[in-house]
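Before we start, here is the structure in question, set down as structure tokens.
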Amino acid sequence: MRPIKHLFAFSVSAILAFAPNLTTAKTHDSIYSHQAIAQPIWGKQGMVVSQEAIASQVGANILKQGGNAVDAAVAVGFALAVTLPRAGNIGGGGFMLVHLSEQNKNIAIDYREMAPAQAHRDMFLDKAGNADNTLSRSHGLAVGVPGTVKGFELALKEYGTMPLASVIAPAIALAKNGIVVTPDLANSLAISVTDYLNGPPANKYSIKIKASNFIKRGKY
């Protein structure tokens, strides 16, 4: 691992900018509109942005501990697997763009999912030879080989400053201790569980379980 003083990282899970000293953002420095649903926040030294607040705070904490943007991006990515499972996941893939400001160099890391070794061109066709959207979208055949964890490991090794155990620790803590379930998360979990249990192959065995059985009130 080698330290990077000024580094910017973007991944499918988070956007981060990092400079040595992280300071508190000041809203009065931003362009403000009373008609806007969300107001901008200006950060002079560093900023972590993701789709979920808890995961964003995980990244900010990594920066405060002395980690760089890649350390924080990876920490956010793992945290999103807990706090925003429909989008942040370790069972899929993505990409990361890293900008090394001192070298004025951009690095792209591609860790998108790959087709299984036994995949073939006709695997999504029905018996009549026509394309079957069910097979390519909601069937086990549509699952690719995940690349997220491997991509995160590579990013940390090449451009991070902290070990994997340190950046993954917050996600592990969130998974063990539980999080407060927002209405948005509760709805997405209910839909996902219902779709899974009522679709193939679960319906083949007549498995009908209410999604509410999997979600405890307040936490999960």
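Looking at (1) among the β-branched types (Val, Ile, Thr); (2) exposed (fewer than 13 other Cβ atoms within 10 Å of the Cβ); (3) modelled with pLDDT under 80, which is the only condition Val12 fails?
(2)
Being loosely packed, with under 14 Cβ neighbours inside 10 Å, of a type in the set (A, V, I, L, M, F, W, C) and touching a strand residue (DSSP E or B) at 6+ places or on another chain (Cβ under 9 Å) is the filter here; which residues of the stretch 150-175 pass it?
Listed by number, the list is empty, since nothing qualifies.
On to the next question. In the stretch 138-149, which residue that is exposed (fewer than 14 other Cβ atoms within 10 Å of the Cβ) and not β-branched (Val, Ile, Thr) is farthest from Pro116 (Cα to Cα)?
Filtering the stretch 138-149 for residues that are exposed (fewer than 14 other Cβ atoms within 10 Å of the Cβ) and not β-branched (Val, Ile, Thr), the one farthest from Pro116 (Cα to Cα) comes out as Ser138.
Does Lys5 satisfy the condition of being surrounded by 12 or more Cβ atoms within 10 Å (Cβ to Cβ), at pLDDT below 95, more than 29 Å from Asn177 (Cα to Cα) and of a type in the set (Lys, Arg)?
No; evaluated as a whole, the condition is false for this residue.
A further question on this structure: Suppose we filter the stretch 104-137 for residues that are acidic (Asp, Glu), assigned to a loop (DSSP other than H, G, I, E, B) and surrounded by 10 or more Cβ atoms within 10 Å (Cβ to Cβ); how many remain?
So the answer is 3.
Quick one: count up the residues across the stretch 176-209 that are more than 17 Å from Ala53 (Cα to Cα), at pLDDT 85 or above and surrounded by 12 or more Cβ atoms within 10 Å (Cβ to Cβ).
1
While we're here: When the residues of the stretch 87-103 are filtered to those that are closer than 27 Å to Ala175 by Cα and either in a loop (DSSP other than H, G, I, E, B) or in contact with a Cys (Cβ under 9 Å, 6 or more places away or on another chain) (or both), which remaining residue is modelled with the lowest pLDDT?
Applying the filter and picking the extreme gives Gly88.
Shifting gears a bit: Within the stretch 21-32, is even one residue at pLDDT 65 or above, of a type in the set (S, T, N, Q) and surrounded by 13 or more Cβ atoms within 10 Å (Cβ to Cβ)?
No; the residues of the stretch 21-32 include none that is at pLDDT 65 or above, of a type in the set (S, T, N, Q) and surrounded by 13 or more Cβ atoms within 10 Å (Cβ to Cβ).
Scan the stretch 138-162 residue by residue and report those that are over 18 Å from the mean Cα position of the chain (by Cα), part of a loop (DSSP other than H, G, I, E, B) and modelled with pLDDT under 95.
Ser138, His139
Which one of the conditions (1) over 16 Å from the mean Cα position of the chain (by Cα); (2) part of a helix (DSSP H, G or I) does Val58 fail to meet, given that it meets all the rest?
Single failed check for Val58: (1).
Right, next: Among the residues of the stretch 64-78, is there at least one that is surrounded by fewer than 18 Cβ atoms within 10 Å (Cβ to Cβ), under 24 Å from Ile179 (Cβ atoms) and more than 20 Å from the chain's Cα centre (by Cα)?
yes
Shifting gears a bit: Could we say that Gly88 is in contact (Cβ under 8 Å) with a residue 24 or more places away in the chain and either under 18 Å from Val149 (Cβ atoms) or not small (Gly, Ala, Ser) (or both) here?
yes
The values are calculated or read from the model by the stated rules, or taken from the named source; none is laboratory data. Model, not experiment: these values are computed from the prediction. So basically every Cβ, Gly included, is an ideal-geometry build from the backbone, and we count neighbours across all protein chains shown.
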